[in-house]
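Chemist: First the structure, which I've put down as structure tokens, then a few questions once you've had a look.
Only the coordinates and a few stated rules stand behind these numbers; no lab work does. On a predicted model such as this, the values are computed, not experimentally measured, just so you know. Every residue, glycine among them, receives a Cβ derived from its backbone with ideal geometry; neighbour counts consider all protein chains shown.
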Amino acid sequence: MTGDQAEVIAFLSDPKSFGPQDRAVERHETHGSMVFLAGDFAYKLKRAVAYPYMDYSTPELRRDMCEAELLVNRRMAPNLYLGVRAIVREVDGRVRFGTADESGTAIDWVVVMRRFPQSMLLEEMRKRGELTAALMRELGEVIAAFHAAAEIKKDLGGALGVARVIEENLAVMRSYCGDPFPISKMERFAELAWTAHRSVTALLDARRDAGFVRRCHGDLHLNNICLFDGTPTMFDAIEFSDEFACIDVLYDLAFLLMDLQHHGLRDLANALLNRYLEKTGDFQGMHAMPLFLSCRAAIRAHVTAARLRLSVPEHRAQLVREAESFLDQAIAFLGACDLKLLVLSGYSGTGKSTLARLLAGGIGRAPGAVILRSDVIRKQLQGVAETARLPETGYRAEITRRVYDTLGERAKILLDGGHSVIVDAVYGRTEERREVEAIARQCRASFRGVWLDAPAPILEERLGRRRGDASDADAGVLHWQLGKLDVPAEWVHVDASGSIEENLKRLNEAIR
């Protein structure tokens, strides 16, 4: 601490400071701030601290940073962030909230936010086992929209920015050499990280030049996302450092993916990533994702190690295990993995999309396979919403040809970057199947083509129940397929007439 905030903290801790209320004030602390929960509002006080990367040492700096926090977070949560309030000292020494015209006499400042139940933090929901794939897909859409609107920054990021992250990670970790990090693991991380960096140096700079480095959140993990009015809402973005906040959009996303993976929620990370990619089309950037994930895990490793110096003896062993597990994860993200191309084909209603989602998290490198869905691509190519119904002209042969060409192009991009792929499409023509098999050979990926089968009455019933889906298929489309499609004898056939659980079991046995 560089300044005495005792009287301000005492004022914010007193329920009477906030007018009539019968609840005690709750306080939550981090190394950079204190949040006081009073009534329906939260009041965030910047600590009078100075670090190499964050300076809140004077009231003037704290006011500037409060204003900056309000600005950057209203991009994501305009209904959550209400304003900045001054705290003033009267002539008789009493401390109170100031008015707008008293800001010149302020002794400190707070950001005022609407209060939400702590139970609505995604981290608290994780602990209760309440996070779902549907919520992660919705969050993927929210993050994609935020990144699309964020300010482009071409003077930061790129290969140099990521190199600085690696250098800083190694410098800090080496200060914990032997306690808790074995030197052999640090050397392994350094070797893998620099090798990965060299392989994507040109890509990182090209992405910066193309506008993929933006003013992002910067600290995007489960504790900085809540359900507010029923919507996944990001908050507490970094305002104190352009270097930390102005980063590649996929590096921003990688923190959250790493967080989910660390908690054993790889399937949820996969659901989040796949929805984000469907909305953004940022498949080329996936070449850098292993390095981004590794850097995020390495940061968590040394941040956890730093807590050792402040911990009580009974917590030490747990913190050591946690710090080492983050370093192990940083190494694992950069390790070799099996490369696979799986095609789920078959008539409409066989459950291709559902089964693809259930399989994807367990295939390939973290956080699992990328799903390419023909129905989504068809709508994208024609510039309509996923759930908009296309006229018959939207299914002309030349458009279908473009759909399958796009599936192949995206699959090749992802496979070349080391990521396994599941393609979800009918593949009812021999030519289409030969082309996708050739892509697997070119990319040296193992290939499995699966044709899902089910009796027509079951498929009709499923299509009749379908709502809000990218597929336009109905009973009429199904009967056209039954009479026209060329069923592949050379691909594995799987009975998909049962329940989702039964079909998934059969599919796993077929592709194992």
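Chemist: Any of LYS154/LYS340; LYS153/LYS279; LYS154/LYS279; LYS185/LYS279; LYS16/LYS44; LYS279/LYS412 with alpha carbons more than 26 Å apart? Name them for me.
Modeler: Table pairs above 26 Å Cα-Cα are LYS154/LYS340; LYS185/LYS279.
Chemist: Take each uninterrupted DSSP H stretch in the chain, measure its Cα extent along the helix axis, and return the ones at 27 Å or beyond whose mean Kyte-Doolittle hydropathy is at least -0.5.
Modeler: Span-like helices in the chain: 183-209, 313-332, 397-416.
Chemist: For LEU156, LEU310, what ranking results if the residue with the fewest other Cβ atoms within 10 Å of its Cβ goes first?
Modeler: Placing the least packed residue first, the sequence is LEU310, LEU156.
Chemist: Counting other Cβ atoms within 10 Å, keep those with at most 16, restrict to DSSP loop, and tell me which GluC sites (Glu not before Pro) in region 61-123 are left.
Modeler: Those that pass, being in a loop and sparsely packed, are GLU90.
Chemist: Neighbouring Cβ atoms within 10 Å as the yardstick, rank LEU334, LEU355, LEU327 fewest first.
Modeler: By the 10 Å Cβ count, ascending, the order reads LEU334, LEU355, LEU327.
Chemist: So what's the back-of-envelope 222 nm ellipticity for the chain, counting only DSSP H runs of four-plus at -39500 (n - 2.57) apiece and dividing by all residues, rounded to 500?
Modeler: Calculated from helices alone, the mean residue ellipticity at 222 nm is -15500 deg cm²/dmol.
Chemist: Okay, next question. Hey, of [x] 1.03; [y] 1.00; [z] 0.95, which did the structure itself give for Rg/Rh (Cα atoms, Kirkwood Rh) when calculated?
Modeler: Derived directly from the coordinates: [x].
Chemist: Calculate the dipole size of region 136-286 relative to its Cα centre from +1 charges on Lys and Arg beta carbons and -1 charges on Asp and Glu beta carbons; express the result in debye to the nearest 20.
Modeler: 400
Chemist: Using a Förster radius of 51 Å, what is the FRET efficiency between ASP92 and ALA134 based on their Cβ-Cβ separation? Nearest 0.05, please.
Modeler: E between ASP92 and ALA134, to the nearest 0.05, is 0.35.
Chemist: Sort VAL49, VAL84, VAL162 so that the residue with the fewest other Cβ atoms within 10 Å of its own Cβ comes first and the one with the most comes last.
Modeler: Fewest-to-most Cβ neighbours within 10 Å comes out as VAL49, VAL84, VAL162.
Chemist: Tell me which lysines have Cα within less than 20 Å of LYS484's Cα, excluding those fewer than 8 residues away on the same chain?
Modeler: LYS352
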